[in-house]
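The values are calculated or read from the model by the stated rules, or taken from the named source; none is laboratory data. Note that the structure is a prediction, hence the values are computed from the model and not measured. Counting neighbours? That spans all protein chains shown, and the Cβs are built from the backbone with ideal geometry, glycine included. The accessibility values were calculated without ligands, DNA or RNA, using every heavy atom of the protein model including side chains. Shrake-Rupley method; radii C 1.70, N 1.55, O 1.52, S 1.80 Å.
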Amino acid sequence: MIIGEWKPIEEIVTMLDKHKNVLLVGCATCMAECSAGGEKEVETLAPLLRMAMKVKGRTINIYTKTLERQCEWEFIEELTPIIPKVEAVLSLACGIGVQAIAERFPEVRVYPGVNTTSLAIREEPGLWAVRCEACGDCMLAETFGLCPIARCAKGLLNGPCGGTRNDGKCEVDENVDCVWKLIVERASACGRIEDLMNIRKAKQWSHSSHGGQKRMLREDLRP
Amino acid sequence: MDSKIDKGKFEPEMVVLFCQHCMGKDEDPKAALNKISGLKAEFLIMPCSSKVETSHMVKILADGADGLLVVGCKTDRCRFLTGSTMAEKRVDYARGLLDEIRMGVDRLRMERGEELSCLQMMALVQSQADAVRALGPNPMKGAKKR
Ligand code: SF4
Ligand code: SF4
């Protein structure tokens, strides 16, 4: 899932400074899963913002709505009847949802309430950890299903770096397993440790987030 | 029960969310409240203190309550084992949010109790009402007809 977390309330209050009627929109998919922008968070942030504004001597009228997904046009249409009542939208979706709402309703200001951080998994209740950086040239086949781009502090394709701690943690963060230690363990468990002796070549980074907007085209799916 | 409240002062409107198991059998805080002059509190019973969500706490304060008290069972007496621990974590999180917006963390508090009598419950409410009194009325007062 995509993960994110609330921006500091002060930053949100400053963004909404000039607005009296605001629509706070949640997303019931990724942002609900990471407890940043589902219905619960929308219904927490709305009264919190009302109070934060009041403390500053202002009042604000906040409408709330949580869409199934903010990154699909069909779901975004549900906002159509509310948009004429507001001057601004505060979205608790990832950056994709925020941009989709801004594109669909150019007549209102659209603000992000969340800092989108990464593609992650929920490791334990209340703990999410990144698993993928969407590099566009997946090498998980060579690394036994563990991603060194997302999980090695140095992004090493041929690790480990030599700094791995004795307890198997990364030298950069004692709370994080050295992913190359995990890769070695998993290769051993498969009886294929010798595969790691192959040198992995430099990646094709042009498929990643560098060099302009990426697009994916499937003619067979187009009208 | 005697009240020590000085009626000349601002008297906070309190909301109390309490676990059904933290009070003694046959204790009825709503009935006991009528015997204390001055103390204004609304008591809401819960099946377990862990049923309280952050959104509930924030909303109760945004609707104008001056203070909110969550009362759960002692850690080792929770029927859901970790229920009151989870409630306490949520209360701490919500207090952090109140701090962030400078509403005053002491508007919200959690207490624990076992076989509480009405008198003991009222003492907990009084104690938090004293802390809330120092903060003054909730600026949201009147936001919603309570
Ligand atoms: S190699 Fe690239 S696509 Fe594959 S998991 Fe890692 S970052 Fe994601
Ligand atoms: S210790 Fe492991 S995870 Fe950390 S930087 Fe070195 S190889 Fe990467």
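Values for this structure:
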{"quantity": "Residue among A:129, A:120 that alone is under 25 Å from residue B:89 (Cβ atoms), within 16 Å of ligand 2 (Cβ to nearest atom) and open to solvent by less than 70 Å² (accessible area, probe 1.4 Å)", "calculated": "A:129"}
{"quantity": "Residue satisfying condition, being more than 16 Å from ligand 1 (Cβ to nearest atom), of a type in the set (Lys, Arg) and more than 20 Å from the chain's Cα centre (by Cα), within set A:215, A:192", "calculated": "A:192"}
{"quantity": "Lone qualifier among B:74, B:89 - being closer than 25 Å to residue B:47 by Cα, open to solvent by 20 Å² or more (accessible area, probe 1.4 Å) and within 12 Å of another protein chain (Cβ to nearest Cβ)", "calculated": "B:89"}
{"quantity": "Selection status of residue A:14, hydroxyl-bearing (Ser, Thr, Tyr) and buried (at least 19 other Cβ atoms within 10 Å of the Cβ)", "calculated": "no"}
{"quantity": "Positions within the range A:44-71 being in contact with a Lys or Arg (Cβ under 7 Å, 6 or more places away or on another chain) and facing another protein chain (nearest Cβ under 9 Å), in sequence order", "calculated": "A:47, A:55"}
{"quantity": "Pairs with Cβ under 9 Å, 6+ apart, first in the range A:149-172 and closer than 16 Å to residue A:129 by Cβ and assigned to a helix (DSSP H, G or I), second of a type in the set (Val, Ile, Thr) and within 8 Å of ligand 2 (Cβ to nearest atom)", "calculated": "A:150/A:179; A:151/A:176; A:151/A:179"}
{"quantity": "Complete set of residues in the range B:51-68 that are crowded, with 19+ Cβ neighbours inside 10 Å, in contact (Cβ under 8 Å) with a residue 40 or more places away in the chain and more than 9 Å from every other protein chain (Cβ to nearest Cβ)", "calculated": "B:65, B:66, B:67, B:68"}
{"quantity": "Test: residue A:202 is at pLDDT 95 or above and within 16 Å of ligand 1 (Cβ to nearest atom)", "calculated": "no"}
{"quantity": "Unmet criterion (only one of (1) within 28 Å of residue A:12 (Cβ to Cβ); (2) within 14 Å of chain A (Cβ to nearest Cβ); (3) assigned to a helix (DSSP H, G or I)) for residue B:143", "calculated": "(3)"}
{"quantity": "Residue match in the range A:205-212 (condition: in a helix (DSSP H, G or I) and either open to solvent by less than 90 Å² (accessible area, probe 1.4 Å) or in contact with a Leu (Cβ under 8 Å, 6 or more places away or on another chain) (or both))", "calculated": "yes"}
{"quantity": "Residue list for the range A:140-159, restricted to those being under 11 Å from residue A:196 (Cα atoms) and surrounded by 20 or more Cβ atoms within 10 Å (Cβ to Cβ)", "calculated": "A:143, A:159"}
{"quantity": "Condition broken by residue B:140, with the remaining ones in (1) open to solvent by 60 Å² or more (accessible area, probe 1.4 Å); (2) within 17 Å of residue A:48 (Cβ to Cβ) satisfied", "calculated": "(1)"}
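Okay, residues lined up against (1) outside any helix (DSSP H, G or I); (2) outside the structural domain of residue A:151 (by TED's automatic domain parsing); (3) farther than 24 Å from residue B:104 by Cα:
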site	(1), (2), (3)
A:31	no, yes, yes
A:35	yes, yes, yes
A:47	no, yes, no
A:71	yes, yes, yes
A:96	no, yes, yes
A:106	yes, yes, yes
A:111	yes, yes, yes
